[in-house]
Amino acid sequence: MFISFEGIDFCGKSTQVKLLSDYLLNERGFKIQNIREPGGTQISEKIRTILLDRKIFDMTIQAEILLFSASRSQLVQQVIKPSLNEGTVVISDRFHDSTTAYQGFGRGISIEYIETINRFAIDGTLPDVTFILDIDVETAEKRRVQKNTVPDRMESAGKEFFTRVRDGYLTMARSDKRFVVIDGKMDVMNIHKEIINEVENRFKL
Ligand code: TYD
């Protein structure tokens with residue numbers, strides 16, 4: 001099983017990744033490999049620091065997409081493929097759909113290019129199911145203020161950008177059964193229950 005989580009910043013992905021991992025490990029006895037993007041290998045973590053560096057103002061969108069993809073490619077070959085091959089469940093906090101949503105719909109790079117670059121980077125390793133935790137941009141902004149975190153380079157993009165990213169995710173979900181859209185404003189445990197139901201049905205657990 002390869003399961004990915006997507007959504008705009010502050011949609012609550014990390015909490016749900018943790019809850020699902022704990023459930024599959026403790027209640028179902030699966031071996032779990034958790035990953036987050038960008039990151040997860042020595043090279044990918046170094047690329048992550050460049051991508052999220054708030055002091056970098058002049059990264060071209062071409063460099064941005066290639067760095068995210070380079071990080072992903074390393075992760076696929078070094079961690080995801082070997083894990084799946086030995087029967088470990090891989091749960092990823094973001095994967096290639098983030099590139100389609102953020103660099104494609106958000107930054108405006110042609111979706112045709114994105115699909116080609118994504119295909120090259122993931123090398124056939126497509127998630128079996130992808131949960132999109134959907135929240136509106138105002139809720140995301142409120143959560144950011146509550147958490148009182150300093151926005152990283154990506155989070156510093158404006159409201160219009162995140163509206164395009166959110167709409168992008170919803171557009172992607174409409175055309176592919178791999179996606180499951182969940183209302184990210186629901187209570188944490190209700191979201192978790194929906195996710196478990198979906199995983200159990202899809203994988204016939
Ligand atoms: P991170 O701090 O991991 O955010 P989150 O917890 O919301 O996942 O930072 C990752 C940021 O990079 C996030 O703003 C989304 C963005 N991103 C892209 O723009 N393209 C991508 O392909 C990926 C994987 C992430």
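Could you give every pair whose Cβ atoms fall below 6 Å, whose first residue belongs to the range 15-32 and is farther than 16 Å from Gly87 by Cα, and whose second residue is aromatic (Phe, Trp, Tyr) and open to solvent by less than 70 Å² (accessible area, probe 1.4 Å), counting only separations of at least 6 or pairs across chains?
Listed pairs, sorted by first residue: Val17/Phe5.
Tally up the residues in the range 6-29 that are closer than 22 Å to Glu200 by Cβ, of a type outside the set (Ser, Thr, Tyr) and either open to solvent by 60 Å² or more (accessible area, probe 1.4 Å) or within 11 Å of the ligand (Cβ to nearest atom) (or both), please.
Of the residues in the range 6-29, 11 are closer than 22 Å to Glu200 by Cβ, of a type outside the set (Ser, Thr, Tyr) and either open to solvent by 60 Å² or more (accessible area, probe 1.4 Å) or within 11 Å of the ligand (Cβ to nearest atom) (or both).
So, Arg144, is that one at pLDDT below 95, within 13 Å of the ligand (Cβ to nearest atom), surrounded by fewer than 22 Cβ atoms within 10 Å (Cβ to Cβ) and assigned to a helix (DSSP H, G or I) or not?
Values: at pLDDT below 95: yes; within 13 Å of the ligand (Cβ to nearest atom): yes; surrounded by fewer than 22 Cβ atoms within 10 Å (Cβ to Cβ): yes; assigned to a helix (DSSP H, G or I): yes.
For Arg144, the condition - at pLDDT below 95, within 13 Å of the ligand (Cβ to nearest atom), surrounded by fewer than 22 Cβ atoms within 10 Å (Cβ to Cβ) and assigned to a helix (DSSP H, G or I) - is met.
Taking the range 185-205 on its own, how many of its residues are closer than 20 Å to Asp9 by Cα and among the charged types (D, E, K, R)?
2
Kindly indicate the residue of the range 36-55 that is touching a helix residue (DSSP H, G or I) at 6+ places or on another chain (Cβ under 6 Å) and within 12 Å of the ligand (Cβ to nearest atom) and also most open to solvent (accessible area, probe 1.4 Å) among those meeting that condition. Walk me through how you get there before you give the answer.
Taking the range 36-55 and keeping what is touching a helix residue (DSSP H, G or I) at 6+ places or on another chain (Cβ under 6 Å), we get 38-41, 43-44, 47, 51.
Keeping just the survivors that are within 12 Å of the ligand (Cβ to nearest atom) gives 38-40, 44, 47, 51.
On the way: Pro38: 11, Gly39: 0, Gly40: 39, Ser44: 0, Ile47: 19, Leu51: 0 Å².
In this case the residue turns out to be Gly40.
Find all pairs meeting these conditions: Cβ atoms under 9 angstrom apart; at least six residues apart or on different chains; first residue within the range 182-200 and at pLDDT below 95 and charged (D, E, K, R); second residue assigned to a helix (DSSP H, G or I) and open to solvent by 40 Å² or more (accessible area, probe 1.4 Å).
none
If you go through the range 121-136 one residue at a time, do you hit one that is within 14 Å of the ligand (Cβ to nearest atom), open to solvent by less than 10 Å² (accessible area, probe 1.4 Å) and aromatic (Phe, Trp, Tyr)?
Checked against the condition, which is being within 14 Å of the ligand (Cβ to nearest atom), open to solvent by less than 10 Å² (accessible area, probe 1.4 Å) and aromatic (Phe, Trp, Tyr), the range 121-136 yields at least one hit.
Within the range 170-204, restricting attention to residues that are in a loop (DSSP other than H, G, I, E, B) and open to solvent by less than 70 Å² (accessible area, probe 1.4 Å), which residue is farthest from Leu126 (Cα to Cα)?
Only one residue fits best here, namely Met186.
When Arg166 is evaluated against the numbered criteria (1) assigned to a helix (DSSP H, G or I); (2) over 15 Å from the mean Cα position of the chain (by Cα); (3) under 17 Å from Phe5 (Cβ atoms), which criterion, by number, is the only one it fails?
Every condition holds for Arg166 apart from (2).
The values are calculated or read from the model by the stated rules, or taken from the named source; none is laboratory data. Keep in mind that what you see is a predicted model, and the values were worked out from it rather than measured. Heads up, the Cβs are rebuilt from the backbone with ideal geometry, glycines too, and the neighbour counts pull from every protein chain shown. What goes into the accessible areas is simple: the full protein's heavy atoms, side chains included, and nothing from ligands, DNA or RNA. Shrake-Rupley method; radii C 1.70, N 1.55, O 1.52, S 1.80 Å.
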